[in-house]
Amino acid sequence: MSPAAGSGGSSPPSTAGGLRLIRPEELSSATAQTSGMIRSAAISGELTSATSLWMGRTELPPGVTSGDHHHGESETGIYVVVGTPVFVFRDPASGKHVRLEARPGDFIWVPPWVPHREENPSTDETAVVVLARSTQEAIVVNVDSL
């Protein structure tokens with residue numbers, strides 16, 4: 001059976017020669033950063049020739065609160081791997097801070113332009129999350145407050 005068999009047409013062109021495996025030691029810290037966090041790129045234009053997706057990992061050490069920031073036009077999906085990070089943003093209707101207390105296995109969606117921060121209330125465990133962004137560029141805009 002040819003690659004296109006059953007698909008009703010020809011196969012889409014291969015991107016950069018096919019799939020790419022990125023090992024943890026290949027992650028790059030040469031990406032936009034926010035105070036308190038350690039952000040590493042895994043899938044980006046520079047690392048994999050991706051054209052419309054950015055993925056990476058963020059670590060938040062015990063007891064740390066990140067700086068306030070947003071991701072511009074980018075939507076961000078977050079998957080909690082380890083720890084119990086708290087995601088804080090200001091509710092636009094009430095003006096009050098909202099705290100989303102996450103645990104491993106949870107997903108968080110961050111809409112474009114929404115200022116937020118991450119907190120790690122644990123005194124002994126680093127929180128680790130996986131990020132996916134709807135823009136190929138890792139947009140990070142650090143702001144003074146939420």
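Listed values, structure above:
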read-out	value
Of the criteria (1) modelled with pLDDT under 95; (2) surrounded by 12 or more Cβ atoms within 10 Å (Cβ to Cβ), which one residue 119 fails	(1)
Complete set of residues in segment 27-48 that are within 18 Å of residue 126 (Cβ to Cβ), surrounded by 15 or more Cβ atoms within 10 Å (Cβ to Cβ) and not basic (Lys, Arg)	27, 33, 34, 36, 37, 38, 40, 42
Leading residue by the ranking (surrounded by the most Cβ atoms within 10 Å (Cβ to Cβ)) among those in segment 91-116 that are of a type in the set (Asp, Glu) and under 15 Å from residue 81 (Cα atoms)	106
Residue among 81, 98 that alone is in a strand (DSSP E or B) and closer than 23 Å to residue 43 by Cα	81
Which numbered condition residue 46 misses (of (1) at pLDDT below 95; (2) part of a loop (DSSP other than H, G, I, E, B))	(2)
Out of 53, 60, sole residue that is under 30 Å from residue 17 (Cα atoms) and either buried (at least 16 other Cβ atoms within 10 Å of the Cβ) or at pLDDT below 95 (or both)	53
Residue match in segment 121-136 (condition: assigned to a loop (DSSP other than H, G, I, E, B) and touching a helix residue (DSSP H, G or I) at 6+ places or on another chain (Cβ under 8 Å))	yes
Long-range neighbours under 9 Å by Cβ, at least six apart or interchain, first residue of a type in the set (A, V, I, L, M) within segment 112-125, second assigned to a loop (DSSP other than H, G, I, E, B)	114/71; 114/92
Check on residue 58, part of a loop (DSSP other than H, G, I, E, B), on the phi < 0 side of the Ramachandran plot, touching a residue at least 40 places away in the same chain (Cβ under 8 Å) and touching a Lys or Arg at 6+ places or on another chain (Cβ under 6 Å)	no
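Each row is one residue, and each column tells you yes or no for (1) part of a strand (DSSP E or B); (2) β-branched (Val, Ile, Thr); (3) in contact with a Ser or Thr (Cβ under 9 Å, 6 or more places away or on another chain).
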{"residue": "18", "(1), (2), (3)": "no, no, no"}
{"residue": "25", "(1), (2), (3)": "no, no, no"}
{"residue": "52", "(1), (2), (3)": "no, no, yes"}
{"residue": "63", "(1), (2), (3)": "no, no, yes"}
{"residue": "89", "(1), (2), (3)": "yes, no, no"}
{"residue": "114", "(1), (2), (3)": "no, yes, no"}
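The values are calculated or read from the model by the stated rules, or taken from the named source; none is laboratory data. What you see is a predicted model; the values in this text were computed from it and never measured. All Cβ positions, even for glycine, are placed from backbone atoms using ideal geometry, and neighbour counts span all protein chains on display.
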